[in-house]
Structure formats: structure tokens, C-alpha cells
Amino acid sequence: MLDVLVQSRRNAEAAWRLMRKLLKAQSHAPRIIITDKLRSYDAAKAKIMPGVEHRSHKGLNNRAENSHQPTRRRERIMKRFKSRRHLQRFVSIHDPIANLFHIPRHDIPSNHHRELRAAAMQMWNEIAQLALA
């Protein structure tokens, strides 16, 4: 997951803010942008990156939609977040940690999976110790 930006509207200005935030975190401009079929992404992309190819198809962004499932699951468990600010605060912390521990299981042997989990736990322990210091 690249990032989550909680906004009250899904218009061109909101799409522009999201794209700007995503591009700040990247070292270079993307070659292709894949989004859902929301038309406001076209307007935002034309404003920020007119030379970048934009693909919006029903099935192309499944990877992005699936990466948002943990957030949606957590939202259902909490019976909705009380405010957009609370949701944004949660996802800004949750997603980097979830990326650390989410290891694709379908194509690696179990001993390699255990090594990756141990490395993730070691990194998490280092982060937690820095936070306590």
C-alpha cells in the first residue's frame, strides 16, 4: 500500500491532493498510473503529470483495492471511526506496520516464511525500543 488519504469528497481537488502526496514520497515520476474509474483522477493527473499514461479499468486496480481491505475490516470491527481525523491518524500508523508483517505466503517455502517473520519481528522490536527511549 502506498498511502491512504481520508477526504470528505471524491472530486478533482481531492484526487489532486492524493496524487501530490503520493508523488512527494516517490523518488521519481511513475511511468503509468492505474486508478479506478473515477473521472476526477483524469483531471488531477492532467494537472500534475500530463505526460504520464493513465489506465483506468475495472480489473487493473484490484491490487490496490485488496491492499485497503485491512483498513475496511478494522473500520467494520470498530463500528466506523468517529471522525476523519481519527481514521487518518489510524491508517497513517497501521499501513506501514501492516506492510512490514504482510508476507505473501503463496509462493515461498515455510522455512523462508519463518525467516522473514523473524526478521520482521526483530525490526519491530528495534522500532519499539527506539520509541521507548
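The values are calculated or read from the model by the stated rules, or taken from the named source; none is laboratory data. No experiment lies behind these values; they were computed from the predicted model shown. Ideal geometry is used to build each Cβ from the backbone, glycine not excepted, and the neighbour counts take in all protein chains shown.
Data table
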{"quantity": "Residues (touching a Lys or Arg at 6+ places or on another chain (Cβ under 8 Å) and part of a helix (DSSP H, G or I)) located in region 102-133", "calculated": "H113"}
{"quantity": "Subset of region 86-110 (residues that are basic (K, R) and more than 21 Å from A25 (Cα to Cα))", "calculated": "R105"}
{"quantity": "Criterion (part of a helix (DSSP H, G or I), at pLDDT below 80 and either aromatic (F, W, Y) or in contact with a Gly (Cβ under 7 Å, 6 or more places away or on another chain) (or both)) met by exactly one of F90, F81", "calculated": "F90"}
{"quantity": "Among the residues listed as L22, L38, the single one being part of a loop (DSSP other than H, G, I, E, B), modelled with pLDDT of 75 or more and surrounded by 13 or more Cβ atoms within 10 Å (Cβ to Cβ)", "calculated": "L38"}
